Each structure stands twice: as structure tokens, then as C-alpha cells.
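A quick write-up on the structure given underneath.
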Amino acid sequence: MAEVRTRYAPSPTGHLHIGGARTALFSYLWARKNGGSFIVRIEDTDVERNVEQAAEKQMDGLKWLGIDWDEGMEKGGPHAPYRSMERTDIYREYLEKLLKSGHAYPCYCTQEELERDREKQLAEGVAPKYVGRCRNLTPEQRAEREAEGRKPSIRFRVPQGRTIVIQDEVRGEVRFESDGIGDFIVARPDGRPTYNFAVVVDDALMEITHVVRGEEHLSNTPRQVLIYEALGFEAPVFAHASLILNPDGKKMSKRDESVIQFIDQYKELGYLPEAIVNFLALLGWAPEGDKAEEEIFSKEELVDLFSLNRVSKAPAVFDTGKLKWMNNHYIKQSSLERITALALPHLQKAGRVPKELTDEKREWVTRLVGLYQEQLDYVAQIVELSDMFFRTEVDYSDEAREVLAQEHVPEVAAAFISQIEQAEDLEPDTVKTLLKNVQKETGYKGKQLFMPVRAAVTGQTHGPDLRETISLLGADTVISRLQHYLTNRDAVISG
RNA sequence: GGCCCGUUGGUGAAGCGGUUAACACACCAGCCUUUCACGCUGGCAUGCAGGGGUUCGAAUCCCCUACGGGUCACCA
């Protein structure tokens, strides 16, 4: 059996989208699973829509996700170049072949004519397709139009009465009647190929064995199969994954704000690549047997388990809650050093931490991140979660006020202040001892002791470990907050 | 409109002719904890869009209907 070769062939119109990332991942996993090759190529035949640096952005996204390729952009390989617009000579050669064999013909219709045909068909309620005006032009007629200065586009001559059968690894056999397909353009007047033609030439020449892509390409597939035939190539196996839907069950549109759509945005927010890969893999795919009961898979496990025929035919809804849960899971699994390194830029950007860090401050930040690590859905959340550490005025919650209104609280606060003043340091263990002393001194313990301290110091009735929190806040801040409560108790309580 | 594709709980989903219809997220309750979170335990489906078949037996096979989606570009 021949080597499995798959590819990801985006057009350079923007950043790597979650849909594209999933397609790339599925292709990648399938190639790796079979010990084959994964190719990344850029399909930039539509010059008008190309965006500067978009190809690089696509590749950056793939690299960040850990999806590496064996051949293609940047890497080169036996089938270079891997960018359509650098392959124009190749397309020209195959275009000649189609023209010579009669599988394609020049079409001189103007945009206006085509537009008129289309409107007429729509008005009559027929399926819009090319009327065939230029299908059987005589050489003389062609010469006539050429003389008028018309530049022809090239159309593929779709055979009539054919049934085109597609082998789809996820949908099984899918049949199309060629009569429903009009002659379509394979090359523009300036000679640039259209997508349907370029992909076929590229996939065939690059010996792609499995074309994995989104469902939106399914209807295009019969056209491509026809080109494969006309050129004498063998068609690859196709695998059309269903679309990704937003949480409302609607098709995900570019301007949909309910879902973050681009990989670099996830990176920005502090999602971990392994979480995204894990999540994307499960978006429209599930492992077989017992493994279907698990959710957490490393890239290596995915390579081992992945199979195209287990890709779902039904559209996949992007479950943002699940993604958060999964990312949180991976954050908890990660080393504190890693999460701190990711969190630092966010804290600095928010002005919470200076750009230049002393070793001492670095250590402090690490402990701060450690305090919140297990509840981070994404790393950027550290800024809002740790807000309490950086404000001068404590922001009391309603629950905190209720606690602080209790009769015995001032006594506890005062006792704690004097304990801190006498203490040599404020390490977590010391804080523990100090609170114990307050307990002995005042007789209050448990919630009677801890809640008042937490409420006065943090303004909240819940939060991460109190000892560590107090230790990180430092003696000055803790004392001043307690003092503030004691001197402004009425104002604090009434809000 | 033609042609394709899909439809299991609040959500993601497993299931491929015979199961008490997995598992996970979310949610609720309990335990743990100075609080929250984590973790652990337990709970959570008027039966698989609706209707017809085929079969001893269907979520699983066939047909129809409804709903959702894709595509019919000199976009990919």
C-alpha cells in the first residue's frame, strides 16, 4: 500500500480559524497515524483576496498547536513550489492538455451576459448554470471574438448524463448527476487557475492520497473528480468533515461573538495548545470503544486513536463551556513555572507588575499565580482574579459587610494587628501561628475567626488560601486594611 | 428552486438489529476544607425529530414528512 499523504491547503485570507485548525489537525493525525506525510501548501489563486502575511499567520497557528509538516511551505520538498501563484507554469501545461483534448474550451461571455443568464434562470425557477453559449463555437466565431479584443476564460466541458461517484471516508459513497453541473471556469482570462482546477493539479502532482476538508467542499468534489478523469489522474479518497456550529446551533459566521474564532486569540488569552488540540480533535470525532468514555487525550494518543471513518457526519457544536473546562484541566496539570511565564505578560500589561523584575518580585509573582492556578480557565484571567492584591481601597462585597458588622470583629482585627506587629516575618506558617494566637487571645475560632479576617483583608467572603494570601499581601497592606476597617467601621458596614 | 448532507438529554457525545441508552460538560445534593475552588460520592433522558414500513425484535435497515445545513462564483 502506498504511503498516506495528506495536506492542509488554506487560502491566505487571514488568521488560522478554528475550523481550519480542525481540518489541519484531522489531516495531520491521519498522516501521522499511518506513518505518512503531511503537507502544507498555500492556495492563493485569488490574488484580490490575498492578505499580506496571512500565510505566515496560518503557519504560526499550526506551529503553536504543535502541528508540524513534512513538506511544504518553508520546508520545501520534492514537489515545490508549495504556493499556487508560483506554480502557474504547471497549471498552464495542464490547461493546454484540457484544451487540446477538448475537455475545456475558451468562453468569451462577459460578466454582464452571465449575470443576465443567471437572473433569467432564477426567475424561471431553474437551477442556475452556464447556458453553454460558447460551448460549441467554431474556430471562425472564436477568431471573431478575439478580434473584438475579448480575452476568454477557460471552461471545463462537463459531460452529460454521467453519474459521478465519490468515495468519502466519512459519508460513504456519495453520488452526483453530472447534468446538474454546468460548465465551470477552470482559468481566468489572465490565465490564473481557479481553485477547483488548481487543487486537483496540486493534489495529483503532490500525490495526495486523502483529501480531508470541510463539508462545504462536498458539492465541489464531483467537479474535481471530472478534472482528475480528464487529466488521467487517479482521484484520492475524500473525507468531508461536517461544519462547526456556534453554541446556538447556527452556522459559525465570521462575526459571531459567542465564540472566539481564531487560534491566535486563544493563544493571546492563555489557552494551552494541548487543550485546543484535544478539544478540536473531539469536535466531530470520537475514539472507538472504551476510549470513547475518556475526554483527555495527548497528541500522541490522538495519533494512535484517530481514524477518518469515525469522524461524525453530523455538524459539531462548539461547546465553549467544555473548552474552558478542558483548558482549566491542562492548566492544573501544568507546572507553576510554565503558567507563571504565561501569566507575567498579562500582569505587566495591566500595570500590576513592573516590566523589570527583581528576583524577589519574580518569586512573589510565582506564588501569586500559584494561588490561582487551579481556578484559571485561561491564563489572562489572572488579572481579574488577583485584582484584590493591587487595589489600595478594599472593595467590600455585601457578604463581607455582613460579616464585618458582627460585634466581635473589631476585637479580632485589633488582636491580629498586634500579632503581626510583633511578628518577625509573615510566611504562611507564621500567619498560621499568629491566627492561632489571636484565637487564644480572643477565644474566637473557626468561621468566627477566619471569616472576619478574610472579609477585612480581602473584602470577600471567599477566595484562595488565606494564609498564603496574607503572606503575599505583606504586613503593611494587611495592617492598613485592618486599620481602615477599625477606623471606618460604620462606613464600611453601610457601604 | 435543483442537487447533496445531517437530526440521540440543557450541552458535547457513545451506540453500527437484542444494552438498565455509555462517558463528559453544566446543574443539584452530600462529604472534605477556616471560605471559595479542587477532589470524592450520589442525583439528573415522558426512550433516540415525527410518521410509516422490514424484522421475533430498530436509536440502529428502508420510505415519506418536518426542521437544520452545504452548494449551485472568473471564493477558497
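Note down the relative contact order for the range A:224-375 as a percent, whole number, built from C-alpha pairs under 8 angstrom at least six residues apart.
Relative contact order, the range A:224-375: 25 percent.
Using the structure shown, list the pairs from A:K267/A:K299; A:K75/A:K291; A:K250/A:K349; A:K33/A:K313; A:K63/A:K299 with a Cα-Cα distance above 24 Å, or answer none.
Flagged as over cut-off: A:K75/A:K291; A:K250/A:K349.
Would you mind checking the tilt of helix A:221-231 against the longest principal axis of the Cα atoms of chain A, expressed as 0 to 90 degrees and rounded to 10?
50
Express the accessible area of chain A per residue in Å², computed with a 1.4 Å probe while the remaining protein chains stay in the model.
Values: 24100 Å² over 495 residues.
On a per-residue basis, 49 Å².
Please list the non-local residues whose amide H lies under 5 Å from the amide H of A:E71, H modeled 1.01 Å from N, same-chain partners needing a gap of 5 or more.
A:F38, A:V40
Nothing charged except the Cβ atoms of Lys and Arg (+1) and of Asp and Glu (-1): what's the magnitude of the dipole of chain A about its Cα centre? Round to the nearest 20 debye.
That gives chain A a dipole magnitude of about 1140 debye.
Quick one: if the Förster radius is 30 Å, what FRET efficiency do A:K97 and A:L243 give, using the C-beta to C-beta distance and rounding to 0.05?
Details: r = 35 Å, r/R0 = 1.16.
Approximately 0.30, to the nearest 0.05.
Please compute the volume of the convex hull spanned by the alpha-carbon atoms of the range A:87-241 and report it per residue in Å³.
Output value, Cα hull per residue: 124 Å³.
If you fit an axis through the alpha-carbon atoms of helix A:88-100 and take the longest principal axis of the Cα set of chain A, what angle between them do you get, 0 to 90°, nearest 10?
40
Using 0.36 nm times the number of residues separating A:E177 and A:E384, minus their current alpha carbon distance, what extension gain do you get? Could the numbers behind the result be given before it?
Values: separation 207, 0.36 × 207 = 74.52 nm, distance 5.79 nm.
So the extension gain works out to 68.7 nm.
Placing +1 on the Cβ of each Lys and Arg and -1 on the Cβ of each Asp and Glu in chain A, which of A:F26, A:P10, A:N136 has its Cα farthest towards the positive end of the resulting dipole?
The Cα lying farthest towards the positive end belongs to A:N136.
If you add up the charges near A:S219, with Lys and Arg at +1 and Asp and Glu at -1, over every other residue whose beta carbon is less than 14 angstrom from its beta carbon, what do you get?
So the surrounding residues net to +1.
To the nearest 20 debye, what charge dipole does the range A:427-495 have about its Cα centre, counting +1 at the Cβ of each Lys and Arg and -1 at the Cβ of each Asp and Glu?
My answer is approximately 280 debye.
Taking the alpha-carbon centroid of each part, what is the distance from the range A:95-159 to the range A:268-314 in angstrom?
Computed from Cα coordinates, the inter-centre distance equals 46 Å.
Which value, in debye to the nearest 20, gives the size of the charge dipole of the range A:284-408 about its Cα centre, when Lys and Arg are +1 and Asp and Glu are -1 at the Cβ?
The dipole magnitude comes to about 580 debye.
Considering the convex hull of the alpha carbon atoms of the range A:133-217, report its projected area averaged over all viewing directions, in nm², one decimal. Before the final figure, lay out each step's value.
On the way: hull surface 29.6 nm².
Convex hull of Cα atoms, orientation-averaged projection: 7.4 nm².
What full-extension length gain, to one decimal in nm, is calculated for A:R362 and A:T433 as 0.36 nm per residue of separation minus the Cα-Cα distance?
Additional length available on full extension: 22.9 nm.
Lys/Arg Cβ at +1, Asp/Glu Cβ at -1, dipole of chain A taken about the Cα centre: which of A:H210, A:A380, A:L99 is farthest positive-ward?
Selected residue: A:L99.
Tell me the mean residue ellipticity at 222 nm calculated for chain A from its helices only (DSSP H runs of n ≥ 4, each -39500 (n - 2.57), averaged over every residue, nearest 500). Walk me through the numbers before you get to the answer.
Working: 21 runs with 230 residues, N = 495.
When only DSSP H runs of four or more count, the value is -14000 deg cm²/dmol.
Name the residues whose placed amide hydrogens come within less than 5 Å of the amide hydrogen of A:V170, ignoring near sequence neighbours (fewer than 5 apart) on the same chain.
Amide H to amide H, under 5 Å and 5 or more residues apart or across chains, A:V170 pairs with A:H240.
Quick one: check the C-alpha center-to-center distance for the range A:1-70 versus the range A:442-458, whole angstrom.
The range A:1-70 and the range A:442-458 have Cα centres spaced 57 Å from each other.
What order do A:W364, A:W69 take when sorted by accessible area (1.4 Å probe), most exposed first?
Largest to smallest exposure gives the sequence A:W364, A:W69.
Write down the Å³ per residue value for the convex hull defined by the alpha carbon atoms of chain A.
209
I need the calculated FRET efficiency for the pair A:A491 and A:R338, taking r as the beta carbon distance and R₀ as 41 Å, to the nearest 0.05.
Step by step, r from the Cβ atoms, then E = 0.40.
Of the options A:N309, A:L323, A:F297, report the single residue whose Cα projects farthest towards the positive end of the charge dipole of the range A:284-330 (beta-carbon charges: Lys, Arg +1; Asp, Glu -1).
About the Cα centre, the residue reaching furthest to the positive side is A:L323.
With angles folded into 0 to 90 degrees, how steeply does helix A:18-33 sit against the dominant principal axis of chain A? Use alpha carbons for both and round to 10.
That helix lies at roughly 80 degrees to the long axis.
First obtain the Kirkwood hydrodynamic radius of the range A:335-384 from its Cα pairs, then insert it into the Stokes-Einstein equation at 10 °C and 1.306 mPa s, and state the resulting D in µm² per second as a whole number.
149
The values are calculated or read from the model by the stated rules, or taken from the named source; none is laboratory data. Given the structure is predicted, the values throughout are model-derived calculations rather than measurements. Don't worry about glycine lacking a Cβ; one is built from the backbone with ideal geometry, like all the others, and counts go over all protein chains shown. Keep in mind that these areas ignore ligands, DNA and RNA; they rest on the heavy atoms of the full protein, side chains included. Shrake-Rupley method; radii C 1.70, N 1.55, O 1.52, S 1.80 Å.
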